[in-house]
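Reading through the structure tokens given below for one structure.
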């Protein structure tokens, strides 16, 4: 199956080679699956760029450009406006049907050509959609997020692995940065917060996206979304952080920690134990729980720097988060392990928060 973002790019608007304005509609269903309808639109500059790249590839592959083809390329390069381009297409159309399949449309004050024949439709199941976060997308029935940086990074990686030269990859990257998206997202429930243009029924939102603005985030959330608040820590985490900082794209109205209201967005984690943090915003309420453990594991039976006559029994514990691992040298050991062999040892015990106790001892 094609990558979701590759459909939006339409293989970067015809074989990954031409900048364009791309119009797409994402319809997100209650089960998390997504229907996509997408179609590229080409300005006069886009068409000229496409021809220039095609000519470059023909030349680099050793193909000869005959006089007739060169004449057409020169003619297009001399075209000054969309009316002249339409006339050129009519004059060079051998079938006589090209204009029946082409639409001229004005977008953001610029004229574009488009063809319904280039319209793509596809459906992506929820299981697939849930795996694409590293490509710049987060999509659930309650949440839509897209960052341009994610798409640019992923596409750069693909170009690095594909059979293209560094010069071609750089050229494609430059075209990506001039590619625009007219993206409509339709969600199953009413959208309560977004930085796009919300429809009258509040179930769809429009984004005018340009990849030249790297790391730009576009989002739409329903009331059930869990993504409005950034807690600075995951729900269910175990941490040794001394504080966390709360932030939200929405306006925060209150924060409570273990049932008590606090002021400010920086939460101090002075004491070890379980924390439950609830944040209310204008459009949502989110709660997470986590464990703070800033105390090193307790080790008994051996002490750092001590020398022992005969066998020792090693015990270790951690009341707050529990033991993650214990190693004597490179060997894992269990609580209550008995060591009898003479030698110098290094014991390392780590808890689930990452706190570590190290004990070096010797047995004669």
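Some notes on this structure:
- Residue match in the range 242-261 (condition: out of contact with any strand residue (DSSP E or B) (no Cβ under 6 Å at 6 or more places or on another chain) and within 22 Å of residue 350 (Cβ to Cβ)): yes
Condition check ((1) buried (at least 17 other Cβ atoms within 10 Å of the Cβ); (2) touching a helix residue (DSSP H, G or I) at 6+ places or on another chain (Cβ under 6 Å); (3) assigned by TED's automatic domain parsing to the domain that holds residue 274; (4) free of Cβ contacts under 8 Å to residues at least 24 places away in the same chain) across all residues:
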residue	(1), (2), (3), (4)
314	yes, no, no, no
327	no, no, no, yes
332	no, no, no, yes
336	no, no, no, yes
358	no, no, no, no
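- Of the residues 225, 214, the single one that is assigned to a loop (DSSP other than H, G, I, E, B), modelled with pLDDT of 75 or more and either under 17 Å from the mean Cα position of the chain (by Cα) or within 29 Å of residue 280 (Cα to Cα) (or both) is 225.
- Here residue 256 passes the criteria (1) exposed (fewer than 14 other Cβ atoms within 10 Å of the Cβ); (2) farther than 30 Å from residue 359 by Cα except the one numbered (1).
- Listed by first and then second residue, the pairs linking a residue in the range 49-75 that is within 23 Å of residue 179 (Cα to Cα) to a residue that is modelled with pLDDT of 75 or more and part of a helix (DSSP H, G or I), with Cβ atoms under 7 Å apart and 6 or more places separating them unless they lie on different chains, are 51/73; 51/76; 55/73.
- Of all residues in the range 72-119, those that are farther than 14 Å from residue 43 by Cβ, in a loop (DSSP other than H, G, I, E, B) and at pLDDT below 80 total 5.
- Any pair with Cβ under 6 angstrom, 6 or more apart, that starts in the range 78-101 at a residue that is free of Cβ contacts under 8 Å to residues at least 40 places away in the same chain and ends at one that is loosely packed, with under 11 Cβ neighbours inside 10 Å: 101/117
- Only residues that are in a loop (DSSP other than H, G, I, E, B) and either over 32 Å from the mean Cα position of the chain (by Cα) or modelled with pLDDT of 95 or more (or both) were counted across the range 270-316, and they come to 17.
- A single member of 175, 151, 159 is in contact with a helix residue (DSSP H, G or I) (Cβ under 6 Å, 6 or more places away or on another chain), closer than 25 Å to residue 108 by Cβ, modelled with pLDDT under 85 and not assigned by TED's automatic domain parsing to the domain that holds residue 273, and it is 151.
- Residue 276 under 27 Å from residue 356 (Cα atoms), without any contact (Cβ under 8 Å) to a residue 24 or more places away in the chain and touching a strand residue (DSSP E or B) at 6+ places or on another chain (Cβ under 7 Å): yes
- For residue 236, the criteria (1) in a loop (DSSP other than H, G, I, E, B); (2) touching a helix residue (DSSP H, G or I) at 6+ places or on another chain (Cβ under 9 Å); (3) modelled with pLDDT of 90 or more hold in every case but one, which is (2).
- The set of residues from the range 1-24 being over 19 Å from the mean Cα position of the chain (by Cα) and either buried (at least 17 other Cβ atoms within 10 Å of the Cβ) or modelled with pLDDT of 80 or more (or both) comprises 13, 16, 17, 18, 19, 20, 21, 22, 23.
The values are calculated or read from the model by the stated rules, or taken from the named source; none is laboratory data. All of these numbers come straight from a predicted model, not from anything done at the bench. Methodologically, a virtual Cβ is constructed for each residue, glycine included, from the backbone with ideal geometry; neighbour enumeration extends over all protein chains shown.
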